[in-house]
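Structure incoming, see below.
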Amino acid sequence: MSRTAPPVAGRAEDTAKLIQELQVDRHELEMQIESLRDANRELEASRDKYALLYDCAPVGYFSFDGEGRIRTVNLTGANLLKTESTGLIDLRFESFVAEEDRFVFTDFLRMVFQGRDKMTCRVKLSVKGSQPVYVRIEAMATGSGDECHAAMVDITERKRWEEFLRESEYNLAKAQSMSHVGSWRSDPLTGELRVSDELLRIMHLSREEATSEALAGLIHPEDRESVMALLQQGSEHGNNYEIEHRLLLRDGSSKWVSTIVEPSVNIARQVVKLYGTTQDITERKQSEVRLRNKSNELQAIFDAVNDGVIVFDHNGAIQHLNHICPQFFPQEVLSGGSCREVFHPDKLFSPLTCPVERALHGERVETSMVSEREGHNTRYIDVTANPIKDELGEKTRALVFLRDVTLKRLGEMQSIQTEKMSSIGVLATGIAHEINNPLTSVAGYAEALLRRFRDEPSLGSDFRLDDFPKYLEVIVREAYHCKAIIGSLLNFGRKSDGLIGSVNLNALLREILELLRHQPNYGDIEIVADLKESIPGILGDPSGLRQVFMNLLVNACQAVRDGGIVTVSTSCSDKDRAILVKVSDTGCGIAQDVIERIWDPFFTTKEVGKGVGLGLALSYSIVRRHSGEISVKSTVGEGSQFTVRLPLRGEQECGGAE
């Protein structure tokens with residue numbers, strides 16, 4: 001037994017060693033398997049990565065067979081064709097190409113398979129339900145020659161920009177042609193010069209003749225030195241400049257041009273390009289000469305007129321004036337002033353009274369004003385303003401004439417005052433009689449009160465004091481009655497200052513009628529007032545208009561006998577743009593052989609002492625000064641009717657009073 005033990009032990013050792021080696025091999029094999037698994041996972045990840053890149057690339061990838069059928073396509077390519085990828089396999093690509101470009105694509109594909117080189121074409125895709133798409137295709141056949149690989153890029157936006165650029169270049173050329181503006185570009189270092197077609201037309205040169213030397217040679221000899229000096233400064237120092245100069249063309253004609261140059265400099269402040277525009281301004285220069293001649297002509301006309309003449313621009317500023325105007329206004333007002341300083345210095349904006357502002361709105365205005373300057377006599381000026389519309393009707397100007405009518409106006413106001421005094425003399429007896437009654441009542445009741453208080457001191461508790469309020473009511477009523485009469489009389493007698501203001505014709509007529517009703521001689525005359533309450537106010541001289549209607553009403557009352565009727569009415573007409581005041585009577589009338597003479601000064605049909613013949617003449621003058629009209633209709637034995645027509649102001653309507 002001792003002899004067989006060693007071999008058994010050796011086999012056990014060999015078996016253990018073999019098991020150990022097998023375990024090592026198994027471990028190495030497991031490591032190799034794990035390594036292969038890692039490599040496979042990396043390969044799968046890489047394949048997924050590149051598949052994702054392939055599908056999501058901004059370029060459409062296709063493979064075509066020799067007949068143009070689609071074999072493979074990525075997601076971007078399918079999106080270009082608006083179809084799922086699986087639905088595109090084995091479809092002919094040309095079915096997605098617009099009909100006008102299908103031949104281009106089939107010929108391109110044929111050349112790709114024949115040439116085996118990379119080739120490029122551009123086609124338009126037409127897909128149902130979407131806008132046309134423009135693409136660029138680059139394709140190359142494989143080595144086996146049975147298919148080709150193609151990359152497709154959407155160039156629709158680029159196509160649009162190219163079309164927009166071509167359209168812009170076309171529009172620029174048309175704009176330059178219409179405005180006679182040519183452009184050019186010069187490189188100071190290389191001498192390269194590029195010019196537009198319009199510049200060639202301005203210079204009368206062909207494109208082959210357009211060189212820097214040729215352009216410089218066309219500058220007028222008298223202007224060449226200054227133009228070239230500026231060009232040199234622009235080339236050397238990068239200075240922008242603008243200059244107007246002349247050209248002397250080869251055919252001997254000359255032109256005026258305006259040139260603007262803008263240099264382009266690099267980061268080192270070196271001039272690398274000169275960009276310029278040259279505009280033909282010959283017509284403008286000729287127009288300027290004609291305008292200066294016309295301006296001189298107009299100024300000569302202005303200075304020859306004996307009235308003041310001012311032209312205001314569309315903003316109301318003084319544009320032109322003649323030598324008469326400084327006689328009316330200080331030089332500081334006329335120098336760069338406006339209508340505000342001339343006509344309404346106390347108001348920033350006054351369209352209703354300012355003749356210039358009304359004329360700028362298209363209205364012809366006739367008015368008057370008073371000029372009061374320190375150290376000068378008061379002057380009365382008639383103002384006429386007319387609109388001057390331009391051809392476009394946008395920037396209306398105003399032409400204003402100023403006429404000194406001081407002597408005439410003073411004479412009129414003196415005559416008005418004289419006639420007023422005459423009318424007041426006629427009315428004095430009636431006014432005194434009417435005032436006497438309320439004054440008698442006031443005096444009688446006042447004496448009774450004083451007597452009772454003086455004789456009976458205990459009347460403070462007497463019931464008889466209950467009568468005193470009645471007495472006081474009478475006193476107050478009659479006192480105010482007197483005040484109203486005297487106030488109307490004073491208004492009528494107040495001297496006219498010639499100023500224009502807002503006039504309420506109804507109120508003015510009621511004031512006159514109140515005076516006439518107290519005339520004792522007119523007690524048997526029925527005076528009827530038919531005054532339309534909605535008539536608007538007018539601009540006028542209140543004192544002058546008061547005199548007009550007083551004259552007409554007094555004449556009407558004097559023309560009728562006992563039991564006669566005098567009617568005064570007011571109305572407004574949008575059609576005639578005027579307010580009408582009619583004064584009619586049932587009196588003796590006016591004979592036709594003298595009716596045309598009633599407006600003449602000092603002509604009268606009244607008895608001696610009842611009139612001097614100035615009333616109607618002054619009334620006619622006052623109404624005309626208000627741009628109005630006065631007319632008469634009369635029949636002997638039946639009566640007369642005087643009609644005064646006063647124009648509405650601006651855009652006033654008859655709808656209601658202001």
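Going by what's in this entry, would Gly337 be described as out of contact with any His (no Cβ under 7 Å at 6 or more places or on another chain), small (Gly, Ala, Ser), surrounded by 12 or more Cβ atoms within 10 Å (Cβ to Cβ) and modelled with pLDDT under 80?
yes
Go through (1) farther than 30 Å from Arg358 by Cβ; (2) without any contact (Cβ under 8 Å) to a residue 40 or more places away in the chain; (3) surrounded by 12 or more Cβ atoms within 10 Å (Cβ to Cβ); (4) out of contact with any Gly (no Cβ under 6 Å at 6 or more places or on another chain) and name the single condition Asn293 misses.
(3)
Follow-up question, since we're still on this one. When you check Glu225 against the structure, is it in a loop (DSSP other than H, G, I, E, B), at pLDDT 85 or above and either loosely packed, with under 13 Cβ neighbours inside 10 Å or touching a helix residue (DSSP H, G or I) at 6+ places or on another chain (Cβ under 6 Å) (or both), yes or no?
For Glu225, the condition - in a loop (DSSP other than H, G, I, E, B), at pLDDT 85 or above and either loosely packed, with under 13 Cβ neighbours inside 10 Å or touching a helix residue (DSSP H, G or I) at 6+ places or on another chain (Cβ under 6 Å) (or both) - is not met.
Exactly one condition in (1) closer than 25 Å to Glu198 by Cβ; (2) among the polar types (S, T, N, Q); (3) surrounded by 12 or more Cβ atoms within 10 Å (Cβ to Cβ) is not met by Gln233; state its number.
So the condition that Gln233 fails would be (1).
Report yes if Leu360 is in contact (Cβ under 8 Å) with a residue 40 or more places away in the chain, surrounded by 14 or more Cβ atoms within 10 Å (Cβ to Cβ), within 15 Å of Phe401 (Cα to Cα) and in the same structural domain as Lys395 (by TED's automatic domain parsing), otherwise no.
Yes; evaluated as a whole, the condition is true for this residue.
Residue-by-condition table, conditions (1) among the hydroxyl-bearing types (Ser, Thr, Tyr); (2) under 30 Å from Glu262 (Cβ atoms); (3) at pLDDT below 80; (4) within 27 Å of the chain's Cα centre (by Cα):
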site	(1), (2), (3), (4)
Arg292	no, no, no, no
Phe302	no, no, yes, no
His314	no, no, no, yes
Ile318	no, no, no, yes
Asn322	no, no, no, no
Cys325	no, no, no, no
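While we're looking at this one, here's another question. Conditions first: (1) at pLDDT 85 or above; (2) surrounded by fewer than 20 Cβ atoms within 10 Å (Cβ to Cβ). Val568 passes all but one, so which condition is the exception?
(2)
When you go through (1) closer than 23 Å to Leu392 by Cβ; (2) in contact with a Cys (Cβ under 8 Å, 6 or more places away or on another chain) one by one for Leu334, which number turns out not to apply?
(1)
Let me spell it out: the conditions are (1) in contact with a Leu (Cβ under 7 Å, 6 or more places away or on another chain); (2) over 15 Å from Val644 (Cβ atoms); (3) not aromatic (Phe, Trp, Tyr), and Ala559 meets all of them except one. Which number is the exception?
(1)
Go over the candidates Ser619, Ser584 one by one and state the one that is part of a helix (DSSP H, G or I), assigned by TED's automatic domain parsing to the domain that holds Pro536 and modelled with pLDDT of 75 or more.
Ser619
Just checking, how many residues over the range 547-580 are more than 42 Å from the chain's Cα centre (by Cα) and not in a loop (DSSP other than H, G, I, E, B)?
18
Please return the ranges of strands (runs of 3 or more DSSP E) entirely within the range 129-214 where 1 or more residues are within 29 Å of Thr282 (Cα to Cα) and in contact (Cβ under 8 Å) with a residue 40 or more places away in the chain.
Filter on the range 129-214 gives 181-186.
Report, ordered by the first and then the second residue, all pairs with beta carbons closer than 7 Å, sequence separation of six or more or different chains, a first member in the range 306-330 that is closer than 13 Å to Arg340 by Cβ, and a second member that is of a type in the set (Phe, Trp, Tyr).
Ile318/Phe312
Among the residues that make up the range 344-352, is at least one of them of a type in the set (S, T, N, Q), surrounded by fewer than 11 Cβ atoms within 10 Å (Cβ to Cβ) and not in a strand (DSSP E or B)?
no
The values are calculated or read from the model by the stated rules, or taken from the named source; none is laboratory data. Everything quoted here is computed from the prediction, not taken from an experiment. All Cβ positions, glycine included, derive from the backbone under ideal geometry; neighbour counts span all protein chains shown.
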